[in-house]
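**Student:** What follows is a structure written as structure tokens; I'll ask about it next.
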Amino acid sequence: MNYIIAPPTPSSLPVAGSDQRFPVRRVFCIGRNYAEHAREMGAAVEHGQPMFFCKPADAVVTDDTDVPYPSATSDLHHEVEMVVALKAGGRDLSPSQANEAVFGYGVGLDLTRRDLQAQAKAKGHPWDVAKAFDHSAPVSALHPATEVTPTADTALRLSVNGELRQQGRLGDMIHDVPAIIAALSRLFELKPGDLIFTGTPAGVAALQRGDRFHAELVGIAELDGQMV
Ligand code: MN
């Protein structure tokens, strides 16, 4: 192909136990998927249609890369989440087809400019500047679903500078993984390479420059990094 400017290098994630990488196509995120987090944000706990937003694929950072503190905020928040990677796609998937589409699992941070999000909510504006900024999606190596199986009792944890900030269990999700994928597939034709952030438990709080974070999907995936 004879491109007029250099095409971007695709974002990718390491695959645990392999020298191959997972190419990232799109990043979908579900909002308010844990009741205690919805409550701490002052939002209603809704069990109907899930609420989605997106980040660009090149917001993904990995491999213990330092995360630059973003511009235009003084209230950057962490949201630790299980990340699901798809190896197959489609439209209108059933929950069992959704399960079969999963390549693997990781853990990530849905970094959020909370001050800009509050302004957007107040004005009825979209969330993009609060959620979809550069480096807003640190994600661990992916662990193939053939090797790991998250359960309702699998814990999600985030420590900052050694202090536990967030913890939850996957069984507390309002919409489980097959339901999230099935719902997304009614809105988008899903494709191999898509990533899904599956929501955060309570305890979201601010990160500062110099903070070291350690995120864990316990027994499955770990992510370390530093805000710089
Ligand atoms: Mn989130």
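The values are calculated or read from the model by the stated rules, or taken from the named source; none is laboratory data. Values in this document were obtained by computation on a predicted structure and should not be read as measured data. Methodologically, a virtual Cβ is constructed for each residue, glycine included, from the backbone with ideal geometry; neighbour enumeration extends over all protein chains shown.
**Student:** Going through region 169-217 one residue at a time, which ones are over 29 Å from residue 21 (Cβ atoms) and of a type in the set (Gly, Ala, Ser)?
**Tutor:** 171, 202, 203, 205, 206, 210
**Student:** Hey, another quick one. Output the strands (runs of 3 or more DSSP E) that fall wholly within region 2-57 and possess 1 or more residues being among the aromatic types (Phe, Trp, Tyr), or say none. Steps first, please.
**Tutor:** Working: elements: 12-14, 21-23, 27-31, 51-55.
Passing ranges, in order: 21-23, 27-31, 51-55.
**Student:** Going through 116, 109 one at a time, which residue ends up being within 16 Å of the ligand (Cβ to nearest atom), among the aliphatic types (A, V, I, L, M) and under 21 Å from residue 14 (Cβ atoms)? Don't jump to the end; show me each part of the working.
**Tutor:** Working: 116 fails: under 21 Å from residue 14 (Cβ atoms).
Every option except 109 fails the conditions.
**Student:** Quickly run through region 63-79 and pick out the residues that are at pLDDT 95 or above and either within 16 Å of the ligand (Cβ to nearest atom) or within 16 Å of the chain's Cα centre (by Cα) (or both). Spell out how you get there, then give the answer.
**Tutor:** Residues of region 63-79 at pLDDT 95 or above: 67-79.
Correct list: 67, 70, 73, 75, 76, 77, 78, 79.
**Student:** Taking region 135-156 only, how many residues are buried (at least 21 other Cβ atoms within 10 Å of the Cβ) and polar (S, T, N, Q)?
**Tutor:** 2
**Student:** On to the next question. Considering only region 157-164, I want to know if a residue exists there that is part of a loop (DSSP other than H, G, I, E, B), surrounded by 17 or more Cβ atoms within 10 Å (Cβ to Cβ) and modelled with pLDDT of 95 or more. Spell out how you get there, then give the answer.
**Tutor:** Residues of region 157-164 that are part of a loop (DSSP other than H, G, I, E, B), as a first pass: 161-162.
Pick out the ones that are also surrounded by 17 or more Cβ atoms within 10 Å (Cβ to Cβ) and you get none.
For region 157-164, residues part of a loop (DSSP other than H, G, I, E, B), surrounded by 17 or more Cβ atoms within 10 Å (Cβ to Cβ) and modelled with pLDDT of 95 or more: absent.
**Student:** Continuing with the same structure: Cβ-Cβ distance below 9 Å, separation of 6 or more or different chains: which pairs start in region 23-40 with a residue that is more than 13 Å from the ligand (Cβ to nearest atom) and end on one that is acidic (Asp, Glu) and outside any strand (DSSP E or B)?
**Tutor:** Listed by first residue and then by second, the contacts come to 24/58; 24/194; 25/194; 26/194; 35/172; 36/172.
**Student:** For residue 161, work out the one condition from (1) in contact with a helix residue (DSSP H, G or I) (Cβ under 7 Å, 6 or more places away or on another chain); (2) at positive phi; (3) not acidic (Asp, Glu) it doesn't fulfil.
**Tutor:** Result: residue 161 passes all but (1).
**Student:** Count, please, the residues in region 186-214 that happen to be more than 14 Å from the ligand (Cβ to nearest atom) and in contact with a helix residue (DSSP H, G or I) (Cβ under 7 Å, 6 or more places away or on another chain).
**Tutor:** Number of matching residues: 1.
**Student:** Right, something else. Give the residues of region 170-200 that are assigned to a loop (DSSP other than H, G, I, E, B) and either of a type in the set (Ser, Thr, Tyr) or touching a His at 6+ places or on another chain (Cβ under 9 Å) (or both), sorted by residue number.
**Tutor:** From region 170-200, those assigned to a loop (DSSP other than H, G, I, E, B) are 174-176, 186-189, 191-194, 198-200; that's our starting set.
If the condition is that a residue be assigned to a loop (DSSP other than H, G, I, E, B) and either of a type in the set (Ser, Thr, Tyr) or touching a His at 6+ places or on another chain (Cβ under 9 Å) (or both), then 174, 175, 198, 199, 200 are the ones that fit.
**Student:** Then there's this: Out of 101, 130, I need the residue that is away from the ligand (no atom under 15 Å from the Cβ) and touching a residue at least 12 places away in the same chain (Cβ under 8 Å). Which one? Before the answer, list the steps.
**Tutor:** On the way: 130 fails: away from the ligand (no atom under 15 Å from the Cβ).
None of the others qualify; the one that does is 101.
**Student:** I would also like to ask the following. (1) within 16 Å of the ligand (Cβ to nearest atom); (2) over 14 Å from the mean Cα position of the chain (by Cα); (3) farther than 18 Å from residue 112 by Cβ: which one isn't true of residue 168, the others all being true?
**Tutor:** Evaluating residue 168 over (1) within 16 Å of the ligand (Cβ to nearest atom); (2) over 14 Å from the mean Cα position of the chain (by Cα); (3) farther than 18 Å from residue 112 by Cβ leaves (3) as the failure.
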